[in-house]
1. Would you point out which residue out of Arg210, Arg202, Arg158 is modelled with pLDDT of 95 or more and over 23 Å from Tyr240 (Cα atoms)?
2. Can you work out which of the residues in the stretch 15-28 that are closer than 30 Å to Glu265 by Cβ and in a strand (DSSP E or B) is farthest from the chain's Cα centre (by Cα)?
3. For Val31, indicate whether it is open to solvent by less than 10 Å² (accessible area, probe 1.4 Å), over 30 Å from Ala139 (Cα atoms), assigned to a loop (DSSP other than H, G, I, E, B) and at pLDDT 95 or above.
4. Tell me whether the stretch 213-220 contains one or more residues that are of a type outside the set (Gly, Ala, Ser), out of contact with any Leu (no Cβ under 8 Å at 6 or more places or on another chain), assigned to a strand (DSSP E or B) and surrounded by 14 or more Cβ atoms within 10 Å (Cβ to Cβ).
5. For the stretch 137-146, which positions are touching a residue at least 12 places away in the same chain (Cβ under 8 Å), assigned to a helix (DSSP H, G or I) and exposed (fewer than 15 other Cβ atoms within 10 Å of the Cβ)?
6. Show the residue pairs that are 6+ apart or on different chains and have beta-carbon atoms under 6 Å apart, the first residue being within the stretch 243-263 and within 22 Å of Ala221 (Cβ to Cβ), the second being aromatic (Phe, Trp, Tyr) and open to solvent by less than 10 Å² (accessible area, probe 1.4 Å).
7. Of everything in the stretch 229-248, what is open to solvent by 10 Å² or more (accessible area, probe 1.4 Å) and under 22 Å from Thr209 (Cβ atoms)? Give them in sequence order.
8. Exactly one of these conditions fails for Ser180: (1) open to solvent by 70 Å² or more (accessible area, probe 1.4 Å); (2) touching a residue at least 60 places away in the same chain (Cβ under 8 Å). Give me its number.
Amino acid sequence: MNLTDPLSFQAGKLPLLISIPHAGTQLTPTVEAGLTEAARPLSDTDWHIPRLYDFARDIGASIVIGNYSRLVVDLNRPEDDQPLYTTATTGLFPETLFDGRPCFMAGKNPSAQERQSYLLQIWRPYHQQLQLELARLKAKFGYALLLDAHSIASVIPRLFDGQLPDLNFGTNSGASCNPSLSQQLLECCEHQTTFSHVLNGRFKGGYITRAYGQPQNHQHAVQLELSQLNYMSETEPYSYLPERAVHLQQLLQQLVNTMLKWGNEHYPH
């Protein structure tokens, strides 16, 4: 099987790479044919995240976006599919939706051979692009900042109690970036009262944050999981709501600027 265009990439001019692994909606023929009615709407997609971060593209951040749905292969899980959380989660090749309903009709999930091809032709190119770009940024600037950008429905009882905070920062319990960086991001959030926030709550960072957050090597990674109700409709057809999104986007711009300012202060040229 030859899978085309596993990712979209734009190299920027700043020491910041934004990774968007879960916005893709492309499906392989086998996955598309096997999905349950519950899975067909692709509800677990990080809808509209590239649009929400358009401003970062405009100011010169590098951006890599996965084109395939996480129901084909999850780019934010390790290649060996070891669980990242002790609580309920989904794997490298999801068999259930976030709410626990099955993704595939009985006997219709992709074969082990097909899934190996997804790993080789979708997962690995994405991670190779991340590695190449982080290496380029470090060679040019002496350091690299990685923002792994996600979103999720605000209420998913199987995954967390109650309503999720609006902004969920994950730094692998402090291991993926210099603590002063995450502290400045929290202080940025504390200057406003519209959106709630938490650091290393239910979402501490997935595989990308954990694998590439290497502060000892001047490579600092932060995952940001956004509650979707602040910029889109959480029910089909999952519409973008620009009048709501604009307020969240303003805070995201401040957070990106905070990261860049932190980098300038800690790695002066």
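The values are calculated or read from the model by the stated rules, or taken from the named source; none is laboratory data. Note that the coordinates shown come from a computational prediction; the quantities given were computed from them, not determined experimentally. Using ideal geometry, Cβ is built from the backbone for each residue, glycine included, and neighbour counts are taken over all protein chains shown. SASA here: full protein model, heavy atoms, side chains in, ligands and nucleic acids out. Shrake-Rupley method; radii C 1.70, N 1.55, O 1.52, S 1.80 Å.
1. On inspection, the qualifying residue turns out to be Arg210.
2. In this case the residue turns out to be Leu16.
3. Judged against the criteria, Val31 is not a match.
4. Checked against the condition, which is being of a type outside the set (Gly, Ala, Ser), out of contact with any Leu (no Cβ under 8 Å at 6 or more places or on another chain), assigned to a strand (DSSP E or B) and surrounded by 14 or more Cβ atoms within 10 Å (Cβ to Cβ), the stretch 213-220 yields at least one hit.
5. Lys140
6. As it stands, the answer is Leu248/Tyr231, since those pairs meet every condition given.
7. Once the filter is applied, which keeps residues that are open to solvent by 10 Å² or more (accessible area, probe 1.4 Å) and under 22 Å from Thr209 (Cβ atoms), the stretch 229-248 yields only Asn230.
8. Among (1) open to solvent by 70 Å² or more (accessible area, probe 1.4 Å); (2) touching a residue at least 60 places away in the same chain (Cβ under 8 Å), Ser180 violates only (1).
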